[in-house]
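Enquirer: Got a structure for you, written out below as structure tokens; questions coming shortly.
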């Protein structure tokens, strides 16, 4: 069973619009047990469309297209499909009545051009469109079933669920259920993660495990196929357990949860509070944790101490310590953490001071040098990060904030040495 | 001249991730006069990748791929390209040195797997990657030039601009220049903007002007085509002037500049400083302005006062004022602004307090109710925003931060009534 998509529209190939129908169709088809192998995005060119329909229907069992069903001159899907199949066009009376009725309901005269929307390739049948003017098309072409859906996302989704999904099930094209589970890690590199799990990521393994990295967060993506949901879940379970066993301390969360969600979960599970002192991250940590619902009882607040004066007046960092050691130093990071903890009355004080660049680097303190400070009832410590110097400011700020949050998470859970 | 894209990754064909590289590449290539005709999205399958490279290089003059250049087993682009060309793989010594140097700078040992990133098809050359580990590839295949770029969007964009764009110009592949200029406004609605500029946005106008809205920022996008850059720029100039004449006070910046960049520009032009007191925005304003280069001299810092106690201890808001008026009130917003201005020693104090939701709303103070406070040498004032209640937390936080920053920008420029 191979499926592929044709996403049609010159507004997509020109870059003016971002296609989201492709992703939605891939997800929904995968859930129906129909994996998508290719997606082709093409402009409103008749020859390109004919070629694309021919190529797709010659190598796949199911072809789903999006777009090109409207009434205007650049809507070419009907034509292209007929020409790819070597058949003529016929008027579908039911489709015409539906289109006429739609205009009548809206008290608007039907422009002549809309009649073309009732023309379909000989031998095809229409897919009803409960929301818009353009009916879809369902047709056998070469070795494939072809389904043409409209490009408007709302209409495409409605037609898929009401018309296409039942046909896929009835025709036996829909197969087994495919489910996914994503486990997110922070604190080790992508290749390091893979080296420690070659058995899990081996090609052909069941269930399949992929590794991806996004802004230094590593994701293990488990995908499993089953006759039904229970069977797929049963396959996923042991692999997820193996990942937790091997990488437990690195796991920050699942799905879309990243380090901030992991830190907030640790705050909730321990009932502790955290206060922040941010210099080079400039409020990013505060922003990231206050995006998470329910953090309020665990977050009295923070200080963004960009100027050295603020480190002294609001965080009690001695001015002579800043003068002697520099604002970017282990000593100042620790003093900031202690100041935040004391002044904001929290269990934990977390501080970040560093050189985010692009200016301000020196040979001794290059761009990307960051010190973290952490203060709790048991004492104060610091950590040094080298995140540059080639990285842009936004990356250094983001990485520094993630390392800081992950360190606090591990401290809360008692996982620091 | 025909170009096409190969977007590679099973996380895309499965629907788990939405590709945005394709749209970015279509836009940038169009600007260089290289229209994209096909985009094919394929999973991490070697045979599919070989087929796709063969098909693309047999029908197009330029093929640009994204993804599959990482160090893991499912990164197949190097292999697929070599097999499509019927050549072997060779180690590129310069690429290996670059990868080794990168790990050395980060004080981390290089895993063996990363060596594979220095292997490239015989006869190809590398495209330097200024930001990540994976070099790109530039190779002649069949009738096409092929450029393989990494999948990480930041790396892809940097490599495109630094390595690929110059090659397209030098090789004569780039054609007529299409240039765009985007002018960003804040403080009026999309339909209001369009109603006040029907002559500018008329279809068929040269140069073409489009309006888009993103997170309440309205963008006028001017696009013009010319034989060279100077011709395109000459077309754009008068239209940009007309937009500035009509919407001057609303303009926050151009290109990717949004309200934060507009505020920082106003701070720089006036030489003033700003201090922040953030409650419901939780550090988002501090984060947004500290992303902008060169803000340091103008931003001593801010306080994220999530807990009421912090409003009192760090911002001198009287506890009985909070008790009598509530933390979300005009009086507390003004007191926070005054406290931030005084305690952090800034020219301007800007405060935000509100109900970001999803919980915490009441009939009198519903989700989305936000008060801004602004204190400067001339006195203190407040503003009330109603941003909910149907909006999610992230939208309310973002809109509140933008309204606050834009208000401070107008105050600095003397544009407030």
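The values are calculated or read from the model by the stated rules, or taken from the named source; none is laboratory data. Nothing here was measured: the structure is a model prediction, and the numbers come from that model. Counting neighbours? That spans all protein chains shown, and the Cβs are built from the backbone with ideal geometry, glycine included.
Enquirer: For the subset of region A:181-201 comprising residues that are in contact (Cβ under 8 Å) with a residue 60 or more places away in the chain and touching a strand residue (DSSP E or B) at 6+ places or on another chain (Cβ under 7 Å), which member is nearest to the other protein chains (Cβ to nearest Cβ)?
Expert: Out of the qualifying residues, it is A:182.
Enquirer: For region B:34-52, state whether one or more residues are touching a strand residue (DSSP E or B) at 6+ places or on another chain (Cβ under 7 Å), free of Cβ contacts under 8 Å to residues at least 60 places away in the same chain and more than 9 Å from chain A (Cβ to nearest Cβ).
Expert: yes
Enquirer: Another question about this same structure. Scan region A:148-161 and tell me whether some residue there is part of a strand (DSSP E or B), crowded, with 23+ Cβ neighbours inside 10 Å and touching a residue at least 24 places away in the same chain (Cβ under 8 Å).
Expert: For region A:148-161, residues part of a strand (DSSP E or B), crowded, with 23+ Cβ neighbours inside 10 Å and touching a residue at least 24 places away in the same chain (Cβ under 8 Å): present.
Enquirer: Now, a different point. Tell me which residues, restricted to region A:246-257, are under 21 Å from the mean Cα position of the chain (by Cα), away from chain B (no Cβ under 14 Å) and not in a strand (DSSP E or B).
Expert: A:250, A:257
Enquirer: Right, another one. Can residue A:50 be described as buried (at least 24 other Cβ atoms within 10 Å of the Cβ), more than 21 Å from residue B:212 (Cβ to Cβ) and modelled with pLDDT of 90 or more?
Expert: So residue A:50 does not fit the description; no.
Enquirer: So which of B:381, B:341 ends up being in the same structural domain as residue B:272 (by TED's automatic domain parsing), closer than 26 Å to residue A:303 by Cβ, crowded, with 24+ Cβ neighbours inside 10 Å and out of contact with any helix residue (DSSP H, G or I) (no Cβ under 6 Å at 6 or more places or on another chain)?
Expert: B:341
Enquirer: Find the residue count for region A:162-178, including only residues that are within 26 Å of the chain's Cα centre (by Cα) and either assigned to a loop (DSSP other than H, G, I, E, B) or free of Cβ contacts under 8 Å to residues at least 60 places away in the same chain (or both).
Expert: 3
Enquirer: Now, a different point. On the given criteria, is residue A:29 within 22 Å of residue B:51 (Cβ to Cβ), within 11 Å of another protein chain (Cβ to nearest Cβ), at pLDDT 95 or above and within 23 Å of the chain's Cα centre (by Cα)?
Expert: no
Enquirer: Could you tell me whether any residue of region B:55-67 is assigned to a loop (DSSP other than H, G, I, E, B), more than 21 Å from residue A:59 (Cβ to Cβ), within 24 Å of the chain's Cα centre (by Cα) and touching a residue at least 24 places away in the same chain (Cβ under 8 Å)?
Expert: yes
Enquirer: Further question: When residue A:345 is evaluated against the numbered criteria (1) more than 28 Å from residue A:188 (Cβ to Cβ); (2) assigned to a helix (DSSP H, G or I); (3) within 11 Å of chain B (Cβ to nearest Cβ), which criterion, by number, is the only one it fails?
Expert: That leaves (2) as the condition not met.
Enquirer: A further question on this structure: Considering only region B:379-417, state which residues are in a strand (DSSP E or B) and at pLDDT 95 or above.
Expert: Passing the criteria: B:379, B:380, B:381, B:382, B:383, B:384, B:385.
Enquirer: So, one more: Restricting the search to region A:3-15, which residues are more than 10 Å from chain B (Cβ to nearest Cβ) and in a loop (DSSP other than H, G, I, E, B)?
Expert: Listed by number, the list holds a single entry, A:9.
Enquirer: Taking into account only those residues within region B:277-304 that are under 14 Å from residue B:337 (Cβ atoms) and within 7 Å of another protein chain (Cβ to nearest Cβ), which is farthest from the chain's Cα centre (by Cα)?
Expert: Looking at the filtered set, the residue picked out is B:303.
Enquirer: Also, I was wondering about something else. Identify the residue in region B:305-319 that is within 12 Å of another protein chain (Cβ to nearest Cβ) and in a helix (DSSP H, G or I) and, among all such residues, is surrounded by the fewest Cβ atoms within 10 Å (Cβ to Cβ).
Expert: Among them, the one singled out is B:309.
Enquirer: Still on this structure, I have one more. With the checklist (1) assigned to a loop (DSSP other than H, G, I, E, B); (2) farther than 19 Å from residue B:74 by Cβ; (3) modelled with pLDDT of 85 or more in hand, flag the one item residue A:234 doesn't pass.
Expert: Tallying (1) assigned to a loop (DSSP other than H, G, I, E, B); (2) farther than 19 Å from residue B:74 by Cβ; (3) modelled with pLDDT of 85 or more, residue A:234 fails exactly one: (1).
Enquirer: Only one residue in A:211, A:222 is free of Cβ contacts under 8 Å to residues at least 24 places away in the same chain, under 30 Å from residue A:19 (Cα atoms), within 14 Å of chain B (Cβ to nearest Cβ) and touching a helix residue (DSSP H, G or I) at 6+ places or on another chain (Cβ under 6 Å). Which one?
Expert: Just a single option satisfies the conditions, and that option is A:211.
Enquirer: I need the full set of residues from region A:11-26 which are surrounded by fewer than 17 Cβ atoms within 10 Å (Cβ to Cβ) and under 11 Å from residue B:15 (Cβ atoms), in order please.
Expert: A:20
Enquirer: How many residues does region A:282-304 contain that are on the phi > 0 side of the Ramachandran plot and surrounded by fewer than 23 Cβ atoms within 10 Å (Cβ to Cβ)?
Expert: Residues meeting the conditions: 1.
Enquirer: In the list A:274, A:236, A:243, which residue meets the criterion of being within 12 Å of another protein chain (Cβ to nearest Cβ) and buried (at least 18 other Cβ atoms within 10 Å of the Cβ)?
Expert: Testing whether each residue is within 12 Å of another protein chain (Cβ to nearest Cβ) and buried (at least 18 other Cβ atoms within 10 Å of the Cβ) leaves just A:274.
Enquirer: Checking residue B:327 against (1) closer than 24 Å to residue A:291 by Cα; (2) touching a residue at least 60 places away in the same chain (Cβ under 8 Å), which test does it fail?
Expert: (2)
Enquirer: Return only the number of the condition from (1) in contact with a strand residue (DSSP E or B) (Cβ under 9 Å, 6 or more places away or on another chain); (2) over 30 Å from residue B:176 (Cβ atoms); (3) within 8 Å of chain A (Cβ to nearest Cβ) that residue B:18 does not satisfy.
Expert: (1)
Enquirer: Follow-up. Out of region B:92-111, which residues are in contact with a helix residue (DSSP H, G or I) (Cβ under 8 Å, 6 or more places away or on another chain) and within 10 Å of another protein chain (Cβ to nearest Cβ)?
Expert: Across region B:92-111, the qualifying residues are B:103, B:109, B:110, B:111.
Enquirer: A further question on this structure: Output the residues belonging to region B:194-218 that are modelled with pLDDT of 90 or more and under 23 Å from the mean Cα position of the chain (by Cα).
Expert: Selection gives B:217, B:218.
Enquirer: Residue B:24 fails exactly one of the following numbered conditions: (1) assigned to a loop (DSSP other than H, G, I, E, B); (2) out of contact with any strand residue (DSSP E or B) (no Cβ under 6 Å at 6 or more places or on another chain); (3) at negative phi. What is the number of that condition?
Expert: Just one mismatch for residue B:24, condition (1).
Enquirer: If you don't mind, there's one more thing I want to ask. If the Cβ limit is 9 Å and pairs must be 6+ apart or interchain, which residue in region B:98-118 that is at positive phi pairs with which residue that is surrounded by fewer than 17 Cβ atoms within 10 Å (Cβ to Cβ) and modelled with pLDDT of 85 or more?
Expert: As it stands, the answer is B:107/A:386, since those pairs meet every condition given.
For every residue, the table says whether it meets (1) touching a strand residue (DSSP E or B) at 6+ places or on another chain (Cβ under 8 Å); (2) over 29 Å from residue A:27 (Cβ atoms).
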residue	(1), (2)
A:225	yes, no
A:232	yes, no
A:250	yes, no
A:261	yes, no
A:284	yes, yes
A:304	yes, yes
A:319	no, yes
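Enquirer: Then there is this: Suppose the filter is within 14 Å of chain B (Cβ to nearest Cβ), surrounded by 24 or more Cβ atoms within 10 Å (Cβ to Cβ), in contact with a strand residue (DSSP E or B) (Cβ under 8 Å, 6 or more places away or on another chain) and at pLDDT 95 or above; does residue A:77 pass it?
Expert: Here the answer is no, as residue A:77 does not meet what is asked.
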